Amino acid sequence: MTGGGPIQTGAESLVRTLAGSGVELCFANPGTSEMHFVSALDRIQGVRSVLALFEGVATGAADGYYRMSGKPAATLLHLGPGLANGLANLHNARKARSGIVNIVGEHADYHIALDAPLTSDIEGIARPMSDWVKTCGSSATVGSDAAEAIRQSRSGAGRIATLVLPANTAWSEGGTPAMAGEPAPRHAASVDAIEQAARALSSPRTDGQPASRSALLLGGASLRGEALIWAGRIAAKTGCRLFAENLNARMERGRGRVRVERLPYPVTAAIGVLASIDRLVLCGARAPVGFFAYPGLPSVLTPDGCEVSTLTDVDGDITAALRSLAEALDAVHTPAAVNEAAGPQAITTGAITAAGIGAVLAEELPDDTVVVDESITTGRAFGSAIDSGAACDWLNSMGGSIGFGLPLALGAALAVPGRQVLALEGDGSALYTPQALWSMAREKARVTTVVFTNRSYEILKGELKNVGAGEAGQRARDMLTLDRPDIVWADLARSLGVPASQAYTLEQLRAQVRDSFASQGPALVEVIF
């Protein structure tokens, strides 16, 4: 659907299309080819611009914004190299099924044949990390192309749409704004899928084993809100185990939330957890597989003979599917088992330990905090403490590409400005996108970042052993450590405008985290151990 009006450029029609279709935020790192779009953003109300100093911050922030708001943001990226700089976090966003509209500048179409230095195959770069890609052909189609990109980004659970904007289509007159159409409704679970899931979760095995050998594996929207409550009722009624994928776009945790077991990351641990399961029902989740292949270990984590069925995929109407399954199992009024407060689970004074960090954070976490978890090895000890702490939303990297945490926290904070955001970061992971701290400072984002400084890629030390690559010699150790020189995160954060402190004990950690939450703005606590 299009509308008339005064003569305008393609760039102006693009901004009006974004604003008119409800895209409220643009994470930008622009260059020369995008200056007309920048000018239009400056002159036309409706789309707020947030500057990112690196394209991976822009794409990661857009991911975090969608996860917490359910609305797509735009990114503004400069030609093929700028898009390439943002691809790692677009990979994470695509795996998380976040909706994003990428606006990628391109040379004027008549300039491309001259092979200027920044000329590249932008569509070719975009396709592996995008669900929809299109290059605008003229200023007259920019508005309608943008409207379709927005519609695509809202389809299913969320999609990555990339719109390539040649400079002359931006500066030429003839643009017409358009309104994004509604995406197709989420598909419903079939009657057969509901009946099969009900049988799998409630029927005993033919050898007399109890139905508790069945499990419901949750992913996507099934891990929050009404959908999670339905899943909890189903588990309480049938006795089935309730699992979550190890990595999730957004998971409700803490006191009063439905009790869900996260599958472990280590392959052997996950195999052990699933060893007794002979019927697994997937809801918004994929059949569990190892994060990597390891010599002598299976890639598929379910035991041989396990019957795996799907209630609905991540693009389906997950809440309706779980409600229908609860009705089929007569579980509509069954109370769900929820996490409860627990006594101290670890020492919270003295020397820094992973378990102690988890206990301190669980005790200090404000209600309704958004936790972005890129803590890697340190964070594996936090689980039981966090589940007995304040109710929170827990966000992981579903794609596994490093450097998502700080940008994601920025985007989440801008999506829900009244809520506290806590970013849990390994020191190695945080070094991929430290520029996000500057944007947090500029936007006064309510983000507390806790960096765990062990001065190593600790996870890789274990992986070296797990894949059978032998013991690390000096040259290998040099590729797995972050010393000589030491990186001082507190100093780095201050240089980027974020107040920072260092904690060497659990008492210091508690006091500094508490102070950071009270500040209502960005802060960083460096935990050194």
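Exactly one residue out of Pro72, Pro81 is open to solvent by 10 Å² or more (accessible area, probe 1.4 Å) and within 23 Å of Pro166 (Cα to Cα): that is Pro81.
Cβ-Cβ contacts under 9 Å between residues 6 or more apart (or on different chains), taken from a first residue in segment 233-250 that is closer than 20 Å to Gly290 by Cα to a second residue that is of a type in the set (Asp, Glu) and crowded, with 23+ Cβ neighbours inside 10 Å, are listed as Ala249/Asp63. Only one of Val525, Val498, Val447 is within 18 Å of Gly358 (Cβ to Cβ) and under 24 Å from the mean Cα position of the chain (by Cα). Can you tell me which? Just a single option satisfies the conditions, and that option is Val525. Among the residues making up segment 488-497, a single one is outside any helix (DSSP H, G or I) and either in contact with an Asp or Glu (Cβ under 7 Å, 6 or more places away or on another chain) or more than 18 Å from Ser429 (Cα to Cα) (or both): Gly497.
Identification of helices (runs of 4 or more DSSP H) wholly contained in segment 219-335 with 2 or more residues that are open to solvent by 50 Å² or more (accessible area, probe 1.4 Å) and either over 28 Å from Ala385 (Cβ atoms) or modelled with pLDDT under 95 (or both) yields 318-328. Listed conditions (1) within 21 Å of Ala430 (Cβ to Cβ); (2) in a loop (DSSP other than H, G, I, E, B); (3) in contact with a helix residue (DSSP H, G or I) (Cβ under 6 Å, 6 or more places away or on another chain); (4) not charged (D, E, K, R) are all met by Gly400, apart from (3). From the list Ala320, Ala337, Ala341, the lone residue that is over 30 Å from Leu506 (Cα atoms), touching a residue at least 24 places away in the same chain (Cβ under 8 Å), small (Gly, Ala, Ser) and out of contact with any helix residue (DSSP H, G or I) (no Cβ under 8 Å at 6 or more places or on another chain) is Ala320. Here is the figure for segment 190-202: residues that are out of contact with any Ser or Thr (no Cβ under 8 Å at 6 or more places or on another chain) and either open to solvent by 20 Å² or more (accessible area, probe 1.4 Å) or modelled with pLDDT under 90 (or both) total 5.
Selection within segment 28-57: residues that are under 21 Å from Arg419 (Cα atoms) and in contact (Cβ under 8 Å) with a residue 60 or more places away in the chain. The member of this set that is nearest to the chain's Cα centre (by Cα) is Val57. Here Gly158 meets each of (1) open to solvent by 20 Å² or more (accessible area, probe 1.4 Å); (2) in a loop (DSSP other than H, G, I, E, B); (3) in contact with a Phe, Trp or Tyr (Cβ under 9 Å, 6 or more places away or on another chain) with one exception, condition (1). Select from segment 92-121 the residues that are open to solvent by less than 20 Å² (accessible area, probe 1.4 Å), within 28 Å of Val314 (Cβ to Cβ) and of a type outside the set (S, T, N, Q) and list them in ascending order. Listed by number, the residues that qualify are Ala93, Ala96, Gly99, Ile100, Val101, Ile103, Val104. Every condition in (1) within 19 Å of the chain's Cα centre (by Cα); (2) surrounded by fewer than 21 Cβ atoms within 10 Å (Cβ to Cβ); (3) modelled with pLDDT under 95 is met by Ser388 except one, and the failing one is (1). You will find that of Leu437, Leu410, Leu406, Leu424, the residue that is part of a strand (DSSP E or B) and aliphatic (A, V, I, L, M) is Leu424 and no other. Residues that are touching an Asp or Glu at 6+ places or on another chain (Cβ under 7 Å) and of a type in the set (A, V, I, L, M) within segment 408-449 comprise Leu408, Leu414, Leu424, listed in sequence order. Only residues that are open to solvent by less than 10 Å² (accessible area, probe 1.4 Å) and either in a strand (DSSP E or B) or among the aliphatic types (A, V, I, L, M) (or both) were counted across segment 498-522, and they come to 5. Assess whether Ala19 counts as being modelled with pLDDT of 95 or more, more than 24 Å from Met129 (Cβ to Cβ) and open to solvent by 20 Å² or more (accessible area, probe 1.4 Å). Spelling it out, Ala19 is indeed modelled with pLDDT of 95 or more, more than 24 Å from Met129 (Cβ to Cβ) and open to solvent by 20 Å² or more (accessible area, probe 1.4 Å).
Inside segment 399-447, residues that are over 20 Å from Asn89 (Cα atoms) and either among the charged types (D, E, K, R) or buried (at least 24 other Cβ atoms within 10 Å of the Cβ) (or both) make up a count of 5.
The residues in segment 120-140 that are small (Gly, Ala, Ser) and part of a helix (DSSP H, G or I) can be counted, and the count is 4. Listed by first and then second residue, the pairs linking a residue in segment 78-89 that is at pLDDT 95 or above and among the aliphatic types (A, V, I, L, M) to a residue that is surrounded by 22 or more Cβ atoms within 10 Å (Cβ to Cβ) and not in a helix (DSSP H, G or I), with Cβ atoms under 6 Å apart and 6 or more places separating them unless they lie on different chains, are Leu79/Gly105; Leu83/Leu77; Leu83/Val104. Look at segment 158-177: where a residue is at pLDDT 95 or above and among the acidic types (Asp, Glu) and a partner is open to solvent by 10 Å² or more (accessible area, probe 1.4 Å) and part of a helix (DSSP H, G or I), sitting 6+ places away or on another chain with Cβ atoms under 7 Å, you get Glu173/Ser139. Apart from one condition, Leu165 fits all of (1) within 30 Å of Ala249 (Cβ to Cβ); (2) in contact with a strand residue (DSSP E or B) (Cβ under 8 Å, 6 or more places away or on another chain); (3) open to solvent by 10 Å² or more (accessible area, probe 1.4 Å); (4) not basic (Lys, Arg); the exception is (3).
The values are calculated or read from the model by the stated rules, or taken from the named source; none is laboratory data. Just so it is clear, the model here is predicted, and its values are computed rather than measured. Backbone-built Cβ (ideal geometry, glycine too); neighbour counts: all protein chains shown. These accessible areas exclude ligands, DNA and RNA; they are computed on the full protein's heavy atoms, side chains included. Shrake-Rupley method; radii C 1.70, N 1.55, O 1.52, S 1.80 Å.
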